[in-house]
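What follows is calculated from the coordinates using simple rules that are stated; it is not laboratory data. The model shown is predicted, which means the values in this text are computed figures rather than measured ones. Note that each Cβ is placed from the backbone with ideal geometry, even for glycine, and that neighbours are counted across all protein chains shown.
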Amino acid sequence: ADIRQLSGYARDEQVFEKLNVTRGSIIDCIIIYPFWNSSIKPNEEVKINLSNAEPIKHFVKFKSIGVALPQIWPTK
């Protein structure tokens, strides 16, 4: 359901105008999601390499990629 909603935004006329693409084009879409990684420090820079994005089955021009975030446990 989320991918279908994002797909709708990717076909919005204002988005097409901002991206300067022609009507009827299919815009590349990427879903970025977090995952916890205890080896990353809280102030460490997080880098995203979009070339590592994985295609999402059954959807045209949709990919996903996880971004490692530091896992911070509350202190007592």
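So the label point goes 7 Å from the Cα of Val15 along Cα→C-beta, right? Which residues of region 34-76 then have their backbone N under 18 Å from it? Output list for this probe position: 54-65. With R₀ fixed at 30 Å, the C-beta to C-beta distance from Ala1 to Asn43 puts the FRET efficiency at about 0.25. When the Kirkwood radius is taken over all Cα pairs of the chain, what Stokes-Einstein diffusion coefficient follows at 4 °C and 1.567 mPa s, in µm²/s? It diffuses with D of about 88 µm²/s by this estimate.
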